[in-house]
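Report on the structure given below.
The values are calculated or read from the model by the stated rules, or taken from the named source; none is laboratory data. The structure presented is a predicted model; accordingly, all values stated were derived computationally and were not measured. Glycine also receives a Cβ, built like all others from the backbone with ideal geometry; neighbour counts cover every protein chain displayed. These accessible areas exclude ligands, DNA and RNA; they are computed on the full protein's heavy atoms, side chains included. Shrake-Rupley method; radii C 1.70, N 1.55, O 1.52, S 1.80 Å.
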Amino acid sequence: MSKTAKILFNVAAIMAVFSVSAFAAEGGETYKWAHYIAAGFGMGIAALGTGMGQGNAIRGAVEGISRNPSASGKISTTMIIGLALIESIAIYALVVALILLLVV
C-alpha cells in the first residue's frame, strides 16, 4: 500500500470515529467540536487536492510552452481557465465547511 493510500485511510478512519460520536448524542445534544474537526479535515483535503491539481496543470503548461514557444498564448489561456476551475473545488469545500460551522 502506498504512503498516500495509508494517509487517506487513516484520515477516513479518524473521521469515521468522530462521526460516530457526533451522531450518538442523546437528548438532542450535539458535539460542536466534531463539526470543527470535520470542517478542518474537509478544507485540508480540498487544499491538498487543489494544490496537487494546480501543480500538475502548471507543470504541463510549462512543458508545453518549452516544447512549442509559439503556442504559449493558447496554452496560457487554457491553463488559466483550468486553474480557475480547479480552484473552484477549494471554494466549494470552503462553503461546505462554513455550512458545517455556522448552520449545522
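Per-structure values
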read-out: Number of the condition not met by V104 [criteria: (1) open to solvent by 50 Å² or more (accessible area, probe 1.4 Å); (2) at pLDDT 90 or above; (3) more than 13 Å from M43 (Cα to Cα)]; value: (2)
read-out: From the options E87, E63, residue that is assigned to a helix (DSSP H, G or I), modelled with pLDDT of 90 or more, under 19 Å from the mean Cα position of the chain (by Cα) and not polar (S, T, N, Q); value: E87
read-out: Tabulated pairs, the stretch 90-101, first on the phi < 0 side of the Ramachandran plot, second part of a helix (DSSP H, G or I) and of a type in the set (S, T, Y), C-beta under 9 angstrom, 6+ apart or interchain; value: A90/T50; A93/T50; L100/Y36; L101/Y36
